[in-house]
Amino acid sequence: MTEVVDTLREPWTFEFMQRALIVAVVIGVVSAVVGSFVILKGMAFIGDALPHASFGGVAIAFVLGANLQLGAAVAAILVALAIGFIGNRGTIRYDTAIGIMFIAGFALGLLVVSRQDGYVVDLFSFVFGNVLGVSWTDVWITVGLGGLVLAVVGLFYKELLFTAYDPSMAAASGLPVNAARYGLLILIAITVVIALQVMGIVLVLAMLVAPPATAQLLTRRLPAMMALGAVFGVVSAVVGLYAAWYADVSASASIVLTATALFALAFLFSPQNGLLRQAHKWEPDRSTEGAAGDA
Amino acid sequence: MSVETGQTPAVAVSHLRAGYNGNAALDDVTFTVEKGCLAGLVGPNGSGKSTLLQVIMGLKKPWSGEVEVSGRKVKVGHSSIGYAPQAELVDWSFPVTVLDVVIMGRYGKIGLVRRPGEVDREIALHSLERVNMAEFRERRVGELSGGQQRRVLIARALAQETDLLLLDEPLAGLDAAAQHDLLRLLEDLRKEDRTLFVATHDLSCVASDFDHAVLLNRRVVAFGRPKDVFTAELLSEAFERHLLVLPGGERTLVGP
């Protein structure tokens, strides 16, 4: 028994693993809450675009010697607002606006990096993520920004929900629909930026999409979907870090694959929406209906 | 042609022009809807019905002309209008329950940041009872039938507690029994001195059950009592094809 406890405890006796755990848990929770809106509004492409676009900001901050995360944040928020602005005009579709802006941001990053000599380690930790290399400053920034995002979602839940669900009715009711729309884009941008350092540009999207999608299969209402999504996000983070510790594999990749595995389980076995349940519905249900006689 | 009651009309539209990207969807539209009446807005597809409703709600700025609701100019977001959109325009896959959706009708009155309270919940439940949907309150909206979805949207409009209700195609896709129930509800609401302005394709319902009809095809072809509006000539003019009008005692049937 104590062996099991020791095995479970061992990674967290190291401070860099404690830091990794705090950051990964915060990211798991915040990504699931914001990600619920992302998948319900079909905005996954934005979730993919903002991290790529932020690479431009990271690269410029690197050259200027500024804080890389700050550079990522500025770039992600600017691109989010530009996407919202161009998409709102109505003449160009949202996904087109996203496609233009995100490649531009990423290309800017490549352009800047191509002027640098040699392999720029700090920059590439943003591309692939480096959960084991976060500092205490990173931890506090993550906790602070993550708390801020959750507080804003909590305060303006009503406005975000109504705008996401039925924007024209929300506007007619006098809700600040545009503020809610841009606000959501900024929340996504901040979430992406705090997740970047751990997950890396390429894998950030998974945390925004997989845990809330898993929760959607198992819940009926948005608050429950957010809460359960947060649980899946945290479970993925913890399992992923154990895998990284004991199997010596990439932490961010393990976190993503855990989240994907949870999704696959829910997709197959969800009581209401699962693939097996739906296959099952076709045959035996009909016969029991007749037998029970009260359906 | 308008029926003079001396009252301020619920909706007064004069010389309204509006459209999209330089194409006029509405041209010199003028009509009034008197308070406390059940008025139908009819016209072929693309005749500007939805655009007109959007302008009345203040969601769309007109190019020119005036729209007054209860004697006051409409302003975006300060609307005292209950609205039920076309069911096809609503995202039914969203993880919200029937009660969640109806409570959204209260959101405009609650104010920023604040949450709906017990009173809002009660008003929403009462609105659901009026459309016979109270027992479905905990259902996810995606699990409802088309007729039930329409009733939920009307309940949400009722929860807004306004004197004027704009309903966009509430009768579409309902079977005869559901249509009958809905018409009875509309009549009850009118008896409470509410004004209902209903966009619909169902000419026969308007002909037999409504007080007023506005016949629209980019411009107002006619408005007034249905029996004056639904003449063979005016209908043919609006629909740009020949429609058959069968006046028969209680019910007037209109069809191609």
Considering only the stretch B:114-128, I want to know if a residue exists there that is modelled with pLDDT under 90, within 24 Å of B:Gln54 (Cα to Cα) and either outside the structural domain of B:Gly43 (by TED's automatic domain parsing) or surrounded by fewer than 19 Cβ atoms within 10 Å (Cβ to Cβ) (or both).
no
Residues being hydroxyl-bearing (Ser, Thr, Tyr), closer than 19 Å to B:Val90 by Cβ and touching a helix residue (DSSP H, G or I) at 6+ places or on another chain (Cβ under 7 Å) - total across the stretch A:166-205:
1
Can you tell me which residue in the stretch A:1-19 is farthest from the chain's Cα centre (by Cα), limited to those that are within 19 Å of A:Thr137 (Cα to Cα) and of a type outside the set (A, V, I, L, M, F, W, C)?
A:Glu15
Cβ contacts < 6 Å: first residue over 12 Å from B:Ile81 (Cα atoms), restricted to the stretch B:153-176; second residue of a type in the set (Ser, Thr, Tyr) and in a strand (DSSP E or B), any location; separation 6+ or different chain. Result?
none
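Listed here are the residues, each with its yes/no results for (1) crowded, with 24+ Cβ neighbours inside 10 Å; (2) more than 14 Å from chain B (Cβ to nearest Cβ); (3) at pLDDT below 90.
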{"position": "A:Ala164", "(1), (2), (3)": "no, no, no"}
{"position": "A:Pro167", "(1), (2), (3)": "no, no, yes"}
{"position": "A:Thr191", "(1), (2), (3)": "yes, yes, no"}
{"position": "A:Leu196", "(1), (2), (3)": "yes, yes, yes"}
{"position": "A:Leu205", "(1), (2), (3)": "yes, yes, no"}
{"position": "A:Pro223", "(1), (2), (3)": "no, no, no"}
{"position": "A:Ala227", "(1), (2), (3)": "no, no, no"}
{"position": "A:Val234", "(1), (2), (3)": "no, yes, no"}
{"position": "A:Val256", "(1), (2), (3)": "no, yes, no"}
Considering residues of the stretch A:21-45 that are of a type in the set (Gly, Ala, Ser) and touching a Pro at 6+ places or on another chain (Cβ under 9 Å) only, the residue farthest from the other protein chains (Cβ to nearest Cβ):
A:Gly28
Tally the residues that are part of a helix (DSSP H, G or I) and either buried (at least 23 other Cβ atoms within 10 Å of the Cβ) or of a type outside the set (Phe, Trp, Tyr) (or both), restricting the search to the stretch A:236-254.
13
Quick one: B:Asp163 ticks every box in (1) touching a helix residue (DSSP H, G or I) at 6+ places or on another chain (Cβ under 9 Å); (2) acidic (Asp, Glu); (3) within 25 Å of B:Ala12 (Cβ to Cβ) except a single one, so which number is it?
(1)
Within the stretch B:61-83, is there a residue that is outside any strand (DSSP E or B), basic (Lys, Arg) and more than 10 Å from chain A (Cβ to nearest Cβ)?
yes
Residue that is in contact with a Gly (Cβ under 9 Å, 6 or more places away or on another chain) and either in contact (Cβ under 8 Å) with a residue 60 or more places away in the chain or within 14 Å of another protein chain (Cβ to nearest Cβ) (or both), where the choices are A:Ala151, A:Ala172, A:Ala180, A:Ala75:
A:Ala172
Quick count over the stretch B:100-112, residues being within 17 Å of A:Pro223 (Cβ to Cβ) and either charged (D, E, K, R) or touching a Phe, Trp or Tyr at 6+ places or on another chain (Cβ under 9 Å) (or both), is 4
Just one of (1) in the same structural domain as B:Cys37 (by TED's automatic domain parsing); (2) surrounded by fewer than 18 Cβ atoms within 10 Å (Cβ to Cβ); (3) within 28 Å of B:Asn45 (Cα to Cα) trips up B:Lys191, so point out which.
(3)
Could you list, in sequence order, all residues of the stretch B:100-132 that are facing chain A (nearest Cβ under 10 Å), in a helix (DSSP H, G or I) and not hydroxyl-bearing (Ser, Thr, Tyr)?
B:Asp100, B:Val101, B:Ile103, B:Met104, B:Gly108, B:Lys109, B:Ile110
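The values are calculated or read from the model by the stated rules, or taken from the named source; none is laboratory data. All values reported here derive from a predicted model rather than from experimental measurement. Glycine gets a Cβ as well: all are built from the backbone with ideal geometry, and neighbour counts include every protein chain shown.
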